1. Taking 0.36 nm per residue of sequence separation and subtracting the Cα-Cα distance, how much length would be gained by fully extending the chain between GLN9 and ARG136, in nm to one decimal?
2. Provide the per-residue ³J(HN,Hα) series for segment 5-11, in order, calculated from phi with Karplus coefficients 6.51, -1.76, 1.60 and θ = phi - 60°, each as a whole number of Hz, with x at glycine and proline positions.
3. Among the listed pairs LYS83/LYS111; LYS82/LYS137; LYS111/LYS137; LYS117/LYS138, which are separated by more than 22 Å between their Cα atoms?
4. Students often forget the sequence filter, so: which lysines lie under 21 Å Cα-Cα from LYS42 once same-chain residues fewer than 8 apart are removed?
5. Taking θ = phi - 60°, what integer Hz values does the Karplus form 6.51 cos²θ - 1.76 cosθ + 1.60 yield along segment 28-42, in sequence order, with x for Gly and Pro?
6. Once fully extended, how much extra length lies between TRP34 and GLU79, figured as 0.36 nm per residue of separation less the alpha-carbon to alpha-carbon distance?
7. List every residue whose amide H lies under 5 Å from the amide H of THR2, counting only residues 5 or more places away in sequence or on a different chain, with H placed 1.01 Å from N in the peptide plane.
8. Quick one: 3J(HN,Hα) in Hz for segment 123-139, Karplus 6.51/-1.76/1.60 with θ = phi - 60°, rounded, Gly and Pro as x.
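Any read-out appearing in this document is the output of simple, stated calculations on the displayed coordinates, not a laboratory observation. Keep in mind that this is a model prediction, so the values were computed, not measured. No Cβ is skipped: glycine too gets one built from the backbone with ideal geometry, and neighbour counts run over all protein chains shown.
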Amino acid sequence: MTGNLFDAQDLTQETFLSAYQRLSGFDGTHERAWICRIAVNKCLDHQKSAARKIQPAEEQTFLGLSDRRADPEAVCLFEESKKEVQRLCRQLPPPYDEIAEAHFYEEKSIKEIAEEKGRNLRTVQTQVYRAKGLLRKKLEGGSA
């Protein structure tokens with residue numbers, strides 16, 4: 001009834017334990033039918049339980065999934081890239097240095113920066129655009 005050897009073994013043990021606990025109330029007639037009824041009820045209860053619905057997947061399913069964790073090399077390269085972005089942003093002249101660091105290093109939106117700095121949204125947009133141009137020149141080997 002379970003389709004699983006381990007569940008069947010567990011339910012068999014539960015069946016005999018339940019029969020033993022209720023042995024004092026048994027009148028002695030139809031012993032086999034009595035134990036079979038307990039076993040069937042245990043199986044039906046098992047099939048209805050929430051634990052039955054959550055089945056571990058087969059090993060092949062897990063092998064097909066990709067590892068979502070980044071490998072140590074990728075993490076290290078990402079951290080180094082972030083530090084380089086911050087270093088380059090800090091080399092820009094004011095006010096582009098703080099705007100560039102907030103946008104490109106801290107990954108804040110232009111709207112967030114404008115609200116934090118108390119500046120006009122269009123002004124911050126222009127400063128981000130100019131900072132991007134200055135950073136591009138630095139990365140291409142020119143001076144900003």
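1. Result: 38.9 nm gained on full extension.
2. Working through the residues one at a time gives 4, 5, 5, 4, 5, 4, 5 Hz.
3. Working: LYS83/LYS111 24 Å; LYS82/LYS137 18 Å; LYS111/LYS137 25 Å; LYS117/LYS138 25 Å.
As for pairs spanning more than 22 Å Cα to Cα, those are LYS83/LYS111; LYS111/LYS137; LYS117/LYS138.
4. Of all the lysines, those that pass the test against LYS42 - Cα under 21 Å, at least 8 places apart if same chain - are LYS53.
5. x, 9, 6, 4, 5, 5, 5, 5, 4, 5, 4, 4, 4, 5, 4
6. Details: separation 45, 0.36 × 45 = 16.20 nm, distance 6.81 nm.
My answer for the length gained is 9.4 nm.
7. Placed amide hydrogens put nothing under 5 Å from THR2.
8. My calculation for segment 123-139 gives 5, 5, 4, 5, 5, 5, 4, 5, 4, 4, x, 5, 5, 4, 4, 4, 6 Hz in order.
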